[in-house]
Amino acid sequence: MRIAVVGAGLGGVAAAVGLHRTGHEVTLFERAAELREAGTGIVVMPNGLHALDTLGLAEDVRGHVIRATRAGLRDRRGRPLLITDLNAAQSVFGTPVIIDRAELHRILRAPLPDALVRTATPIERLEPAPTSVRVIANDPPAATGVIADGTPGPTDMNVIANGTPIATVDAVIAADGIGSALRAQLFPDHPGPRRIGRMDLRGMLPRPAGLDPEPLAGQLVDRRNGAMFGLFPLGDDRLYWFTDTALHGPPPGPEEARRQMLSLMADWHPTVTAVIEATPPTAIYVDPIGALLDPLPSYVSGRVALLGDAAHAMSPDLGQGASQAFEDAAALTRHLTGATTTEVAQRLLRYDAERRPRAGTMVRAALRQSRLTSQTGPTAWLRDALLRTVPSRLAARQLAALWQV
């Protein structure tokens, strides 16, 4: 079948590779001028690695295991609240990895032939028909890199002019992110993503001399203001850190956000401020946290399926965003393997029936975790007291349950 994948983020690339390897005629459309991923570190949970295994993409990713034996929640001074024995959880369900997002993107896209990729091609809309879908771009042909002289491309594409069809395909995978224009077209009555009133800062840096991150691996929380700081080693010589704080008004730029965090966390464990101070503003990413708080009625509309953040954008509190996108890609590949053009809609409904309950559970669980870590006042004091009573073995079992496929 001819399949268009719209959006070349991590989930879109994984889906394109999986579908290409099962014999489909795939074209990957990306609005950016280059096929790349920017950012800092990213955690891929064991369930995400299992999904990549089914796509034949996990081998090079597994070399980036989290180099910590214990992690969990601590107070702002670094004192344990709920510490998990990672070895105990890993022995049952596998090992999570933490990897440079750009490196992960390179690994995932490596098996995809360049001829199947169309960069600088923003997709404006879709025009579904009973037996096909027309893909409409909003850039002129000269900017798309697509053949414009009538020569057939990988999906028999003939670019004519701005806003005209560039492909007619049997199915479309919409992986165009949290602000998905295609989701808005398919479900115009859905309110779309909403901010949850929190702001995320992420940074990556060479490990400062003499600093051992393992004693603080995991997350620190402050019951006075609901702020959170996370720290993980990234390989042997780099660190990945992130913060989660209340957001009032528009998000600040990286330099101002860095200054705010240093002021807010001045009396935290000294490693926290040392790491933030050592990270230049140019290496800091600032994002208001958003999610699809209202679940979609379906991840599928006819011959079009939503994937990743386009379908189920969630807060980052469980580190499951990428892993759920990989589960989507694996499920789509499995359900479309061997499908004929007349079976597309039925096969995609099976994908929806499999993925919507699972991903919806993760969205809700991530929001619960966000509320847990951002509590303040007496409620947060009670939270801390209760967390200190949870045995490490029970914490490991609870963590492992989130990793299950």
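The values are calculated or read from the model by the stated rules, or taken from the named source; none is laboratory data. On a predicted model such as this, the values are computed, not experimentally measured, just so you know. Positions of Cβ are backbone-derived with ideal geometry, glycine not excepted, and every protein chain shown enters the neighbour counts.
Miscellaneous remarks
- Residue that is surrounded by the fewest Cβ atoms within 10 Å (Cβ to Cβ), among those in region 174-191 that are under 19 Å from Val300 (Cβ atoms) and within 16 Å of the chain's Cα centre (by Cα): Ile178
- Options Gly23, Gly9, Gly18: the member that is out of contact with any strand residue (DSSP E or B) (no Cβ under 8 Å at 6 or more places or on another chain) and within 21 Å of Arg125 (Cβ to Cβ): Gly9
- In summary, strands (runs of 3 or more DSSP E) completely within region 202-254 and bearing 3 or more residues that are under 23 Å from the mean Cα position of the chain (by Cα) and closer than 24 Å to Gly63 by Cβ occur at 228-234, 238-246.
- For region 332-340, the count of residues that are under 22 Å from Ala181 (Cα atoms), touching a Ser or Thr at 6+ places or on another chain (Cβ under 7 Å) and modelled with pLDDT of 95 or more is zero.
- Unique residue being under 29 Å from Val97 (Cβ atoms), at pLDDT below 95 and loosely packed, with under 14 Cβ neighbours inside 10 Å when the list is Gly235, Gly210: Gly210
- Test for Ser132: is it modelled with pLDDT of 90 or more, among the polar types (S, T, N, Q) and crowded, with 21+ Cβ neighbours inside 10 Å: no
- Matching option when the condition is surrounded by fewer than 14 Cβ atoms within 10 Å (Cβ to Cβ) and either under 30 Å from Arg347 (Cα atoms) or modelled with pLDDT of 95 or more (or both), among Arg198, Arg202, Arg194: Arg194
- In region 335-374, the residues that are of a type in the set (Val, Ile, Thr) and touching a Pro at 6+ places or on another chain (Cβ under 8 Å): Val363
- Counting only residues that are surrounded by fewer than 22 Cβ atoms within 10 Å (Cβ to Cβ), assigned to a loop (DSSP other than H, G, I, E, B) and free of Cβ contacts under 8 Å to residues at least 60 places away in the same chain, region 27-68 holds 5 of them.
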